[in-house]
Structure formats: C-alpha cells, structure tokens
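**Student:** The following block contains the structure, expressed as structure tokens.
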Amino acid sequence: MLRAMYERLAEAYGPQHWWPGEAPLEITLGAYLTQNTSWRAVERSLGNLRNRGLLDAAGLLATPEEELHVLLRPSGYMVRKSAAIRAFLGFLFAEAGGSFERLAAMRTEVLRPKLLALPGVGPETADAILLYALGHEAMVVDEYLRRVTVRHGLTEERSSYEVIQRLAWSAFAGERGKARVRHANEFHALIVMVGKEHCGPKPRCAGCPLACFPALLPERSI
DNA sequence: CGCCAGGCCGTGT
DNA sequence: ACACGGCATGGC
C-alpha cells in the first residue's frame, strides 16, 4: 500500500531532489528551525545567517547567544532553537572535529542515539539530519505522514513514531543501500508536498493524488 | 481575531 | 508509557 502511494506521489509531483548541493550545515539548521514552523519562516532565518556569513559551524558557535536570538527570531522558539543549535555544534566538534564528513562516517546505530540525546532533537529531527545532511538510511516521519496513514485507515490515531516509520519502510522492502537512501529522501519530500496541499488538520481531498486510495474504514473521511 | 506551521520537552497521571 | 500545555513568530 505504501509503495503504491509512493509511486502515485512520484508520478504526480515528479522528482523532488531535496537539498541538492546544499551544505550539510544548512540542512541541519533547517531541520532544527522547521520544527513546528513554516518553511518560509525558516528561509528568513537562514537568510539572516547567510547575510552575516554565519553559515559556518565555527562562526556560529562563536556567535553570542543574544545575537543568535535576533537572527533566528523569524522562525520562532528562538531561545530553545538557539540553544539546541549551539549544542549540536558543540557535539559536532567534540565528536567529529567539526566535520560533517567525519560525523557521517559513524554508524547509524551509534549516531542516532547520540543525536536523540541532544537538546531539541526528537526522532524526526534526528532522522532528518541523518537522511538529508549525512546521507544515512533514515526514514523521516512527520505529522503529514501520520495524517495520511491514519486517514487511509493504515494506522491508529495515536500510533507511535516507530510504528509509522516501520510502515513507511515497508514501501522499500526490496531496496538496499544508496537506492534506499534515495527513496527515503524522495518519500518524505513527497509526503510534505502532498501534506502541505491536502493534509492539514482538515483534509482537502479535492485534487489530491492519493484521493483514489479508498479508506479501509468507510466511515473515516479522507 | 483565530488557527496553523515539515516538534520537542517538562510535568502529571 | 501516554496525555497535555508551553514554547515564539509570521501568514492567512
């Protein structure tokens, strides 16, 4: 079922190739800043950093907290996000000498728990960093994917992150290695695409590429 | 004005 | 383990 949805979305929206050529630092910052926040607001904050030449790990770490608050203000939660980003940068230097390449060389099973132990990093942020900044085999689960699976009768309303993640991976059971990474990358990007347009708190099913997938529970509105 | 946005955390049960 | 409120700002 998930595989069919994936292919339908890919057909409808085409290749997303999220964050091609973007530096892993900027991707990581985006992963933090977009928490419960629109991407437009995130771009403003990233623009502020770029204008100050602060898309740089060492430079960011040397930036006073209060200045960071001002720069990150447009994307909200500035106190928490500033502290969280600084904590990550400290981790990056302590663990990998400030090199994303070296960080990426760590095994996922080792790295993921370390990321989750950082302040402001939950499962979605950890997996987004692993997948999009570090190229690991990670599957990102977000509110949109949760709604899609619930509204199609595939998961319970209160399913855990892990349950939804396993279901999502079932779309790529036959894939290995780089192909798996590529599919996970596209899958989350496509879910966000369809999610923004059709999967808000109130579903907007008109014109949705997934509308042709009948809900397994007839009384549930999709 | 009210609701929402690509979550996470501390607290109380 | 799970539910709930708070966190900040901007768009519509």
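Read-outs throughout are calculated quantities, based only on the coordinates presented, and are distinct from any laboratory measurement. Small disclaimer: the values here were computed from a predicted structure and weren't measured. Cβ: placed from backbone, ideal geometry, glycine included. Neighbour counts: every protein chain shown.
**Student:** Once every Cα of the range A:1-71 carries one equal point scatterer and solvent is ignored, give the base-10 log of I(q)/I(0) from the Debye formula at q = 0.16 Å⁻¹, two decimals.
**Tutor:** For the range A:1-71 at q = 0.16 Å⁻¹, log10 I(q)/I(0) is -0.67.
**Student:** Can you give the direction-averaged projected area of the convex hull of the alpha-carbon atoms in the range A:24-133, in nm²?
**Tutor:** Values: hull surface 23.7 nm².
Average of the hull's projected areas for the range A:24-133 equals 5.9 nm².
**Student:** How far, in nm, would the chain grow between A:Glu95 and A:Glu65 when pulled straight, counting 0.36 nm per residue and subtracting the alpha carbon separation?
**Tutor:** So the chain would gain 8.6 nm between A:Glu95 and A:Glu65.
**Student:** Calculate, in nm to one decimal, what A:Arg158 and A:Ala23 gain on full extension: separation in residues at 0.36 nm each, minus their alpha carbon distance. Display every interim value, and only then the final one.
**Tutor:** On the way: separation 135, 0.36 × 135 = 48.60 nm, distance 3.52 nm.
Additional length available on full extension: 45.1 nm.
**Student:** Using a Förster radius of 30 Å, what is the FRET efficiency between A:Asp56 and A:Ala117 based on their Cβ-Cβ separation? Nearest 0.05, please.
**Tutor:** Numbers: r = 25 Å, r/R0 = 0.82.
Efficiency at R0 = 30 Å is approximately 0.75.
**Student:** All other residues with a Cβ under 15 Å from the Cβ of A:Leu72 taken together, and with Lys, Arg as +1 and Asp, Glu as -1, what is their net charge? Spell out each step's value before the answer.
**Tutor:** Numbers: positive: A:Arg40, A:Arg44, A:Arg50, A:Arg52, A:Arg73, A:Arg80, A:Lys81, A:Arg86; negative: A:Glu26, A:Glu43, A:Glu65, A:Glu66, A:Glu67.
Residues close to A:Leu72 contribute a combined charge of +3.
**Student:** Per DSSP H run of at least 4 residues, take -39500 (n - 2.57); add these up for chain A, divide by its residues and hand me the 222 nm value, nearest 500 deg cm²/dmol.
**Tutor:** Details: 12 runs with 128 residues, N = 222.
Rounded to the nearest 500, it is -17500 deg cm²/dmol.
**Student:** Could you please state, rounded to a whole Å, how far the C-alpha centre of the range A:30-62 is from the C-alpha centre of the range A:77-117?
**Tutor:** When both Cα centres are located, 16 Å separates them.
**Student:** Oh, and also: Multiplying the sequence separation of A:Tyr13 and A:Ala173 by 0.36 nm and subtracting their Cα-Cα distance, what value in nm do you get? Mind dumping the intermediate values first?
**Tutor:** Values: separation 160, 0.36 × 160 = 57.60 nm, distance 2.25 nm.
Result for the pair: 55.3 nm of gain on full extension.
**Student:** With springs connecting C-alpha atoms under 10 Å apart, model chain A as a Gaussian network and identify which of A:Ala12, A:Ala84, A:Ala184 has the largest mean-square fluctuation.
**Tutor:** Top of the fluctuation ranking is A:Ala12.
**Student:** Regarding chain A, what whole-number volume in Å³ per residue does the convex hull of its Cα atoms give? Walk me through the numbers before you get to the answer.
**Tutor:** Details: hull volume 27.6 nm³, N = 222.
That works out to 124 Å³ per residue.
**Student:** Now, a different point. What is the spin-label model distance, in nm, from A:Arg80 to A:Met1 if the labels are put 7 Å beyond Cα along the C-beta direction?
**Tutor:** Between A:Arg80 and A:Met1, the simple spin-label model gives 3.2 nm.
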